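Notes for the one structure printed next.
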Amino acid sequence: MDLSPILSEATVASAGETGSWRNYRPLVSSELCSKCGNCIVYCPEGVIFEGVDSVEIDYRFCKGCGVCREVCGQKAIEMVPE
Amino acid sequence: MRAEGNRNGSGVKRLLTSNEAIAEAVKIAKPDVIAAYPITPQSPIVEKLAEMVESGELDASFVRVESEHSAMAVIHGAATAGARVFTATSSHGLAYMFEMCWWIAGSRLPAVMAVATRSIGAPWNIHGDHTDIMSLRDAGWIIGMAESAQEAFDMTLQAFAVSEVVNIPFAVGIDAFTMSHTAEIVEIRNAKLPERRQAYRILPGMEVAVNAVTMGEARMKARYDLAIDLEKSAEVIERTDGEFGSYGGLVEKYRLEDAEYAVVMAGGWCGDAKDAIDMLRDEGVRIGMLRLRFIRPFPEKAVKELPSEVLVVDRANTGIKGILGMETAACGVEVKNVVAGIGGLDVGIDDFYRLFGKFVDGKLEKVEWLI
Amino acid sequence: MLTEVTIYCRGGQGGVTAARVLATAAMLQGYYSQAMPQFGPERRGARVNTYLRISDRPIRRRSVIKNPDIVAVFDRKIEIDSEASVVILNSPEPVQIPSRTYYVNATEIAERHGLVNAGWAILSAPMSGAIARVLDIEISALKEAMHIELGERAERSFKAAKEAYEVIKWT
């Protein structure tokens, strides 16, 4: 039985590095970020992680949608043109 | 008063409804996970299984869910991990579960579901017809229809055996109330099922994507493979028939050898129709029945071997036609088609006798409703 | 030979249980049997029919019984709209109807044996005893059937059934 339509290898970036699609880059201010985690929850790509001083964004996959900036209560994220 | 009639066979004889017979068969199959939501007239099946789990008679996880959609989702998940699974439903429950029925079939996971076949509202009706189970035809399930509590018992066990070989879920249909709640003598045959097998398992720690988004090519292939494998499941059903009661595989042929007239039917009301056939036979009418034990895979070969005069009696309709009438005609057979017994409307031996007489006399329209 | 019995009763009086006990008893004597409840609103006190078939050959039919050989009436207030040749009545005294009639005061027997639930005498035990007698089912088979179908409730129920089996009269 050919299972290829059902099962596939769980690889990171099966569609390539989607970060290359980005027009605006979210920049996190480590001074303002309280690491509340709101952006981690809301990021539709799941590419924001808790870092040492602030949240950190995996720019290989961030598509620059800006949802993280919208949900940030600290206004710690700024969208900067690439 | 004494008789010896029911003494044949080696198993213990018990008086069981088809609901109870299915629960006994499931117990023998030793499922790992059962998930279900109650609905009339199926509820006694899972109530009995819940009692068995509670008393320790059956070592299974019984998952109480908030809906039929969740019931099917739970057994889908459990089956993915390799569990032998069972659920049961009827009517609106099946309708609510419908989406997940497609998921489990498309995922090629073995599973067994009993359907106590009941009308779907509106108007509100809890009684028997085949409307609900016929809606499963396109989803990619094997669909069996039992005629007696004994056959419900045997077919449920066969369902596990077949489903786990062909990787296709299997629905066992029993008529609401006239089977689900009617107690008959059942021989508890000791079937031993092989260990659970299936095409794949997903276990903790495995890194694999299941049912990721596909484009047309992969979806087309998955659908084609399922259609082909569903057709091929006929071989497994025929091959294992002898282990589960020897009913004849996809069909039961009743007095068909020399028949000029054939009636095509499925389900619990076939017994009354057989008694009517016997009455006509006593009058010299060469009539017999092709009882469809399976709706999927559809018994095309047996249908094509029927004599030229064919009457299909349906308990579910699509538009003005009966569903089995349409399916039978699609095999290239000229049929007369009667829709009857919707919503549990009683159709007895006398009704069948009159109907078959009209058929033999050539007085039936192409499509008629027995109202 | 096929014998068809229709039980006329009210929801909660034990008609379904009686049919099951009798079907099991017949099974124990080597017969094929079938107990089929009528399927309507499950409403306490509402009039319901229950069907019992016993035969020396496999029973294939599952439609309702239209012309019963025997009618068993659990409540005298229910109109007997059948031409059955034999009628078994729960009644303290004989009733004049054209059929061959048996009668037993099942309510009194049930009450005396404490078979009462929420204001209703549970008649499954005495009426199954009475019907078993008419059907020529052996008392030992009835006892075993009650143990199979009723479990721990069987002991008391059997005493009531046995009494009805013994005292049933025909008119």
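Read the figures in this text as sums done on the coordinates, not as results from a lab. Computed from a predicted structure; not experimentally measured. In this analysis, Cβ positions are derived from the backbone assuming ideal geometry, glycine residues included, and neighbour counts consider all displayed protein chains.
Enter the mean number of other protein chain beta carbons within 10 Å of the beta carbon of each residue in A:6-14, as an integer.
Partner-chain Cβ atoms within 10 Å, mean over residues of A:6-14: 5.
Enumerate by residue number the trypsin sites (Lys or Arg not before Pro) in the stretch A:1-67 meeting two conditions: DSSP loop (anything except H, G, I, E, B), and at most 14 other Cβ atoms within 10 Å of the site's Cβ.
Hits after loop and neighbour filter: A:Arg60.
Find me the longest stretch of chain C that has none of the exposed GluC sites (Glu not before Pro), where exposed means in a DSSP loop (not H, G, I, E or B) with at most 13 other Cβ atoms within 10 Å.
Counting at most 13 other Cβ atoms within 10 Å as exposed, the longest clean stretch of chain C is C:84-171.
Residue by residue through B:266-272, how many Cβ atoms from other chains fall within 10 Å of the Cβ on average?
Per residue, the average neighbour count from other chains is 3.
Antiparallel DSSP bridges in the protein assembly as shown: what percent, to the nearest 5?
In the protein assembly as shown, DSSP labels about 50 percent of beta bridges as antiparallel.
Using unit Cβ charges (K, R positive; D, E negative) and no other charged atoms, how large, in debye to the nearest 20, is the dipole of the protein assembly as shown about its Cα centre?
Dipole size: approximately 780 debye.
To the nearest 20 Debye, how big is the dipole of chain C about its Cα centre, given +1 on the beta carbon of each Lys and Arg and -1 on that of each Asp and Glu?
380
Which angle from 0 to 90°, rounded to the nearest 10, does the C-alpha axis of helix B:68-80 make with the longest principal axis of chain B?
Roughly 60 degrees between the two axes.
Using DSSP to define loop residues, name the trypsin sites (Lys or Arg not before Pro) in the stretch C:1-78 whose beta-carbon has at most 16 other beta-carbon atoms within 10 Å.
Within the stretch C:1-78, the qualifying trypsin sites (Lys or Arg not before Pro) (loop, at most 16 other Cβ atoms within 10 Å) are C:Arg43, C:Arg44, C:Lys66, C:Arg76, C:Lys77.
Can you put B:Glu24, B:Glu368 in order, fewest other beta carbons within 10 Å first?
B:Glu368, B:Glu24
In terms of modelled amide H atoms, which long-range or inter-chain residues lie less than 5 Å from the amide H of C:Ile88?
Hits under the 5 Å cutoff: C:Val71, C:Ala72, C:Val73, C:Tyr102.
Do any trypsin sites (Lys or Arg not before Pro) in the stretch B:192-253 lie in a loop, going by DSSP, with at most 16 other beta-carbon atoms within 10 Å of their beta carbon, and if so which?
Loop-located and lightly packed - B:Lys192, B:Arg197, B:Arg201.
Could you give each residue of the stretch B:270-286 its phi-based ³J(HN,Hα) in whole Hz, using Karplus coefficients 6.51, -1.76, 1.60 with θ = phi - 60°, and x for Gly or Pro?
5, x, 4, 5, 5, 4, 5, 4, 4, 4, 5, 4, 4, 8, x, 7, 8
Only bridges with both residues in chain B count here: give the DSSP antiparallel percent, nearest 5.
Taking every DSSP beta bridge with both residues in chain B, the antiparallel ones total about 30 percent.
With both partners inside chain C, how many of the DSSP beta bridges are antiparallel, as a percent to the nearest 5?
Bridges in chain C are about 60 percent antiparallel.
Once you keep just the Cα pairs under 8 angstrom separated by 6 or more residues, what percentage relative contact order results for chain B?
17
Does the stretch B:251-369 come out rounded, prolate or oblate, given a ≥ b ≥ c as the square roots of the eigenvalues of its C-alpha gyration tensor, rounded meaning a/c under 1.5 and, failing that, prolate meaning a/b above b/c?
Verdict is rounded for the stretch B:251-369.
What pairs from B:Lys232/B:Lys274; B:Lys30/B:Lys192; B:Lys48/C:Lys143; B:Lys321/B:Lys366; B:Lys192/B:Lys232; B:Lys27/B:Lys253 go past 21 Å between their alpha carbons?
The answer is B:Lys232/B:Lys274; B:Lys48/C:Lys143; B:Lys192/B:Lys232; B:Lys27/B:Lys253.
Using a 4.7 Å Cβ cut-off, which Cys residues in the protein assembly as shown lack a partner cysteine?
Unpaired cysteines in the protein assembly as shown: A:Cys33, A:Cys36, A:Cys43, A:Cys62, A:Cys65, A:Cys72, B:Cys101, B:Cys270, B:Cys331, C:Cys9.
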